[in-house]
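The values are calculated or read from the model by the stated rules, or taken from the named source; none is laboratory data. Being a predicted model, the structure only gives us computed values, none of them experimental. Here Cβ is always computed from backbone atoms with ideal geometry, including for glycine, and neighbour counts include all displayed protein chains.
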There are 2 protein chains.
Amino acid sequence: MTAVKSDDPPFQHIGIFGVGLLGGSLGLAVKHLWPQTRVVGIGRSPERLSEAAACGAVDEISTMPGAIEPALDLLIVCTPVRMIPEHFSQTLPSLASGAIVTDVGSTKGELTSVCERIAGGRVRFIGSHPMAGSHKTGLAAASADLFEDRVCVVTPSSASDPEALKRVQSFWNALGMRVITMTPGEHDRLTARSSHAPHIAAAALCHAAASAGDAILPVIGSGFKDATRIACGSPDVWLDICMDNREALCEALSSLQDVLGAFQQRLQDGDERAVYEFLEQARRWREGADTPS
Amino acid sequence: MTAVKSDDPPFQHIGIFGVGLLGGSLGLAVKHLWPQTRVVGIGRSPERLSEAAACGAVDEISTMPGAIEPALDLLIVCTPVRMIPEHFSQTLPSLASGAIVTDVGSTKGELTSVCERIAGGRVRFIGSHPMAGSHKTGLAAASADLFEDRVCVVTPSSASDPEALKRVQSFWNALGMRVITMTPGEHDRLTARSSHAPHIAAAALCHAAASAGDAILPVIGSGFKDATRIACGSPDVWLDICMDNREALCEALSSLQDVLGAFQQRLQDGDERAVYEFLEQARRWREGADTPS
């Protein structure tokens, strides 16, 4: 990775709860950047934690989140989105006063309110969504440069501590990420359209294709495969995302169905000009989205 | 390409109408396999035809499809799907009696009936759909191995001549393609779900994302980009496909909207089990589609 090593680590003792793809990569990146920082891997499975230690992603391991010493000054919860509040709560006794807590969850609205309540006045929660996923999962796919040049959305609320916000932004930035900042609600509304509805659309295309029976398999080409690759994502992870971002996702899916329905009507009417415009506007927008901002 | 060269070319004088990605690649592949076969590039633009000749895709060029000598024993029409009948008609005077005519069009139902009427009793039309497209277009992207290991759907009707069918199947097979055979109607019904509806869904995802304004651009990740890459395809090509396969496409789009609507209802109801099943079944089917048949 190209991120510059620093002699002045921003945190002394970092806890990473969950050592899968994101947690493992985070440990590797932190140890690469700030070798003096101690990283403790937290989780339920001693075997998985030991693997993370063996590959250098963490220095220490703990299956007792409430009994880590010395106290942590940063906790990053890297578990499935609906487990984050529970794992944060469990680790609370191990956090130094004023410690910073963040996460890597794909939804932010509900989560932020709950985590801010857990933080109370003693520690400071700032939600993060490093958009560095992969359709691969697990520690085996972890890499120190997973975050490089990717976007991290940091989602302060009106209750957030400005200094904690600044330190969380700097942390992701040090890992090579392009940090953008928005409210938790704005994050959920936008990612429903950029990520969650596309996932459901890909799964729906698979269902619609499957209903044609096995005869369709030979005519599944690379276009279909590209368009539906995201449907291979873990159903457990995506169940959490769907349930957690239910409202914004339903709104995005309604909008998608409206667009499809309007197109179908034009096609049925034989309105060639409208069909062409639909295709051409989508193409132009999609090509613009490829241009780095 | 690994296809084996043969000393016994199945055709002596092949006409390729349209020298874009598919026509150009076809010329290169034919000349590689059967150097003695004469290939004539047919089209409107002398400049484009000359380029095809310069890169070795064709031996001769003609802008007068009805006046090619000696007579062609194979014509492959590689122009946009709604131009195919007209280009076939124009070339009819240059075809030997009993000559074989095929095409590379992405829709087959309408086209087959029209082309069979044009063929009359004098020449033999057998529709083909070599699934070897790319989101790139034009001669510059042409390559002799474009067809290798890809699927070619050959679509005889009840009126088709069995010997002509066999020769068309062998032709694509010699180019390294996996040939499958089905009726034109079955082809259109299946590709509506495997290719055309996915294209419209990708375009619809772009429209739904675009409606959120520019704020969405930073949270467009690799998942969205993969899922919508096909929306970059040429609107001209896709307008033809949509209009030509209108009925089957509308049916596939209805089915897709039904699947999306049913999912949204489950999500609104908070039916976690149904949401999970939807995700898991799609994942399983999609992973199965990756396994070579």
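Within the range B:169-186, track down each residue that is among the aliphatic types (A, V, I, L, M) and farther than 17 Å from B:F147 by Cα.
Taking the range B:169-186 as the starting set, the residues that turn out to be among the aliphatic types (A, V, I, L, M) are B:174-175, B:177, B:179-180, B:182.
Answer for the range B:169-186, where residues must be among the aliphatic types (A, V, I, L, M) and farther than 17 Å from B:F147 by Cα: just B:M182.
Test B:L95 against the criterion of being in contact with a strand residue (DSSP E or B) (Cβ under 7 Å, 6 or more places away or on another chain), over 19 Å from B:S158 (Cα atoms) and not acidic (D, E), and give yes or no. Steps first, answer last, please.
On the way: in contact with a strand residue (DSSP E or B) (Cβ under 7 Å, 6 or more places away or on another chain): yes; over 19 Å from B:S158 (Cα atoms): yes; not acidic (D, E): yes.
For B:L95, the condition - in contact with a strand residue (DSSP E or B) (Cβ under 7 Å, 6 or more places away or on another chain), over 19 Å from B:S158 (Cα atoms) and not acidic (D, E) - is met.
Please go through the range A:200-224 and give me each residue that is assigned to a helix (DSSP H, G or I) and either aromatic (F, W, Y) or more than 7 Å from every other protein chain (Cβ to nearest Cβ) (or both), ordered by number. Let's see the steps before the verdict.
Narrowing the range A:200-224 to residues assigned to a helix (DSSP H, G or I): A:200-210, A:214-219, A:222-224.
Result: A:D214, A:S222, A:F224.
With respect to A:V30, is the statement that it is in a helix (DSSP H, G or I), aliphatic (A, V, I, L, M) and farther than 17 Å from A:A141 by Cβ true? If you could, list the steps in order and put the result at the bottom.
Numbers: in a helix (DSSP H, G or I): yes; aliphatic (A, V, I, L, M): yes; farther than 17 Å from A:A141 by Cβ: yes.
Here the answer is yes, as A:V30 does meet what is asked.
Name the residues in the range A:90-109 that are in a helix (DSSP H, G or I), over 16 Å from A:T63 (Cβ atoms) and either small (G, A, S) or assigned by TED's automatic domain parsing to the domain that holds A:R193 (or both), would you? Write out each step before concluding.
We begin by selecting, within the range A:90-109, every residue in a helix (DSSP H, G or I); these are A:90-94, A:109.
With over 16 Å from A:T63 (Cβ atoms) added as a condition, the list becomes A:92, A:109.
Once the filter is applied, which keeps residues that are in a helix (DSSP H, G or I), over 16 Å from A:T63 (Cβ atoms) and either small (G, A, S) or assigned by TED's automatic domain parsing to the domain that holds A:R193 (or both), the range A:90-109 yields only A:G109.
Could you list, in sequence order, the residues of the range B:80-101 that are charged (D, E, K, R) and farther than 15 Å from B:S128 by Cα?
So the first thing to find is which residues in the range B:80-101 are charged (D, E, K, R), and the list is B:82, B:86.
Residue satisfying the conditions is B:E86 alone.
Considering B:A208, B:A215, B:A201, which residue is of a type in the set (A, V, I, L, M), under 28 Å from A:T181 (Cα atoms) and buried (at least 21 other Cβ atoms within 10 Å of the Cβ)? Please lay out each step first, then the result.
Numbers: B:A215 fails: buried (at least 21 other Cβ atoms within 10 Å of the Cβ); B:A201 fails: under 28 Å from A:T181 (Cα atoms).
Exactly one of B:A208, B:A215, B:A201 is of a type in the set (A, V, I, L, M), under 28 Å from A:T181 (Cα atoms) and buried (at least 21 other Cβ atoms within 10 Å of the Cβ), namely B:A208.
Quick test of your reading of the structure: A:T79 fulfils all but one of (1) over 18 Å from A:P184 (Cβ atoms); (2) touching a residue at least 24 places away in the same chain (Cβ under 8 Å); (3) surrounded by fewer than 20 Cβ atoms within 10 Å (Cβ to Cβ). Name the failing condition by number.
If we test A:T79 against (1) over 18 Å from A:P184 (Cβ atoms); (2) touching a residue at least 24 places away in the same chain (Cβ under 8 Å); (3) surrounded by fewer than 20 Cβ atoms within 10 Å (Cβ to Cβ), just (3) comes out false.
Taking the range B:234-251 as the search range and keeping residues that are closer than 26 Å to B:T137 by Cα and facing chain A (nearest Cβ under 7 Å), which one is surrounded by the most Cβ atoms within 10 Å (Cβ to Cβ)? Give the steps one after another, and end with the answer.
Narrowing the range B:234-251 to residues closer than 26 Å to B:T137 by Cα: B:234-246, B:248-249.
Then drop every residue that is not facing chain A (nearest Cβ under 7 Å), which leaves B:235, B:238-239, B:242-243, B:246, B:249.
Values: B:P235: 21, B:W238: 25, B:L239: 21, B:C242: 25, B:M243: 18, B:R246: 20, B:L249: 28.
Checked the range B:234-251; the qualifying residue surrounded by the most Cβ atoms within 10 Å (Cβ to Cβ) is B:L249.
If you go through the range B:9-21, how many residues are in contact with a Pro (Cβ under 9 Å, 6 or more places away or on another chain), at pLDDT 95 or above and either closer than 22 Å to B:T137 by Cα or in a loop (DSSP other than H, G, I, E, B) (or both)?
So the answer is 4.
Quick grid of which residues meet (1) more than 8 Å from chain A (Cβ to nearest Cβ); (2) in contact with a Pro (Cβ under 8 Å, 6 or more places away or on another chain); (3) at negative phi; (4) surrounded by fewer than 22 Cβ atoms within 10 Å (Cβ to Cβ):
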| residue | (1), (2), (3), (4) |
| --- | --- |
| B:R167 | yes, yes, yes, yes |
| B:F171 | yes, yes, yes, no |
| B:M182 | no, no, yes, yes |
| B:G185 | yes, no, yes, yes |
| B:L253 | no, no, yes, no |
| B:D258 | yes, no, yes, yes |
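(1) surrounded by fewer than 18 Cβ atoms within 10 Å (Cβ to Cβ); (2) among the aliphatic types (A, V, I, L, M); (3) at pLDDT 95 or above: which one isn't true of A:A140, the others all being true?
Just one mismatch for A:A140, condition (3).
Just the residues that are part of a loop (DSSP other than H, G, I, E, B) and in contact with a Pro (Cβ under 8 Å, 6 or more places away or on another chain), please, taken from the range B:56-73. Steps first, please.
Here is the first cut: in the range B:56-73, the ones part of a loop (DSSP other than H, G, I, E, B) are B:56-59, B:63-64, B:68-71.
Scanning the range B:56-73 gives a single hit, B:T63.
Yes or no: the range B:49-63 includes at least one residue that is of a type in the set (A, V, I, L, M) and modelled with pLDDT under 95. Please lay out each step first, then the result.
Let us first name the residues in the range B:49-63 that are of a type in the set (A, V, I, L, M), namely B:49, B:52-54, B:57-58, B:61.
From what is left, the residues that are modelled with pLDDT under 95 are none.
No; the residues of the range B:49-63 include none that is of a type in the set (A, V, I, L, M) and modelled with pLDDT under 95.
Could you identify the single residue in B:Q268, B:Q264 that is surrounded by fewer than 18 Cβ atoms within 10 Å (Cβ to Cβ), under 16 Å from A:H196 (Cβ atoms) and facing chain A (nearest Cβ under 7 Å)? Lay out the reasoning, then the answer.
On the way: B:Q264 fails: surrounded by fewer than 18 Cβ atoms within 10 Å (Cβ to Cβ).
After applying the criteria, what remains is B:Q268.
I need the full set of residues from the range B:111-140 which are farther than 25 Å from B:L95 by Cα and out of contact with any Gly (no Cβ under 8 Å at 6 or more places or on another chain), in order please.
Residues satisfying the conditions are B:A132, B:S134, B:K136, B:A140.
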